[in-house]
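The values are calculated or read from the model by the stated rules, or taken from the named source; none is laboratory data. Here the structure is a predicted model, which is why all the values come from computation and not from measurement. Cβ coordinates were reconstructed from backbone atoms using ideal geometry, including for glycine residues, and neighbour counts include every protein chain displayed.
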Amino acid sequence: MRNPSIVVGTDGTACGTAAVEWAAGEALRRGAPLRIVHAFDWDWSESRLDIGNEYIDVARLLAEGVVAAARDRALAVAPAIDVETDTLIGHAGPRLTEVSRGAALLVVGSRGRGGFAGLLLGSVSRRMALHAPCPVVVVRGRPTPDGPVVVGVDDSPGAEAVLGTAFEAAAARGAELLVLRSYLPVIPVWLAGVRAPDLETPAQDEAERDRVTELLEPWADKYPRVTTRLVITHKGAAAALVGASANAQLVVIGSHGHGVVGGTLLGSAGLQLLHHAGCPVLVARPEA
């Protein structure tokens, strides 16, 4: 039975090429086929003019050039993988959402061709991280090849799925798993003026460590070769994850639903991480 594909969206930019290279390496690790997708828009109003057919023919040729170059780059990184390419008409966000249904993973760059220079996260990347129907990797920064896989653990219902994804990623890479747990200790009234990161609360920290260790035990049993290191911090989750990403090869976070539609919104810490991480970020999705 064929493994589900890894889908990567590219637009021919440096960020898009980085996404293709990362996706090719991941396809090789997983033994999965790679599907390279480029979506392009064209003006329907122009199609009613005599130049309409010529316009879309040129647009399609340019799109085919983008995916052909991406295919060459993917095979240069991982010659043994199975690669297919697609050019799709339409906005990148909706089309990537469509083609990623049933995919093992969707990979995108941090910014696209249409982004403003000052933006750290493109609109398509943000939309995919929030709404894609499968796990998403936003490729950004300079990953440390021998660095750990980092995972942030919170109290959300999806914490188990996030840990499972993180342990699997660490095992596939032969990497250490750094588990970050950020929490705010209970501060006595007479210490109300002290910042939480500067407060020493050994008893509360130990209780939190025991609670997270218990959560990790089933996964440590399943992946005995993965070395884990647990860090308890009073820093905000975003600051802790961004700091750890500077020397990591991958950061794994979860998606949390707010309101009627579950799994569609990241918490503020996740969004900040996507803007500032020093390495690729994997947004895990709970299994249906």
**OP:** Being assigned to a loop (DSSP other than H, G, I, E, B) and closer than 21 Å to Gly90 by Cα is the filter; apply it to segment 33-49 and report the residue that is modelled with the highest pLDDT.
**Re:** Asp41
Original post:
Within segment 192-247, can you find the residues that are loosely packed, with under 12 Cβ neighbours inside 10 Å and either closer than 25 Å to Pro145 by Cβ or modelled with pLDDT under 90 (or both)?
Top reply: Ala192, Gly193, Arg195, Asp198, Glu200, Pro202, Ala203, Pro224, Arg225, Arg229
Original post:
Which residue, of Arg71, Arg30, is within 20 Å of the chain's Cα centre (by Cα) and at pLDDT 95 or above?
Top reply: Arg30
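Here's the yes/no breakdown for (1) aromatic (Phe, Trp, Tyr); (2) surrounded by fewer than 18 Cβ atoms within 10 Å (Cβ to Cβ); (3) closer than 22 Å to Asp41 by Cα:
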position	(1), (2), (3)
Pro79	no, yes, no
Ile89	no, yes, yes
Gly109	no, no, yes
Val138	no, no, no
Gly147	no, no, no
Phe167	yes, no, no
Leu180	no, no, no
**OP:** Could you tell me whether segment 6-15 includes any residue that is small (Gly, Ala, Ser), modelled with pLDDT under 95, farther than 15 Å from Glu84 by Cα and buried (at least 19 other Cβ atoms within 10 Å of the Cβ)?
**Re:** no
Original post:
Is it the case that Arg142 is part of a loop (DSSP other than H, G, I, E, B), among the charged types (D, E, K, R) and closer than 26 Å to Ala248 by Cα?
Top reply: yes
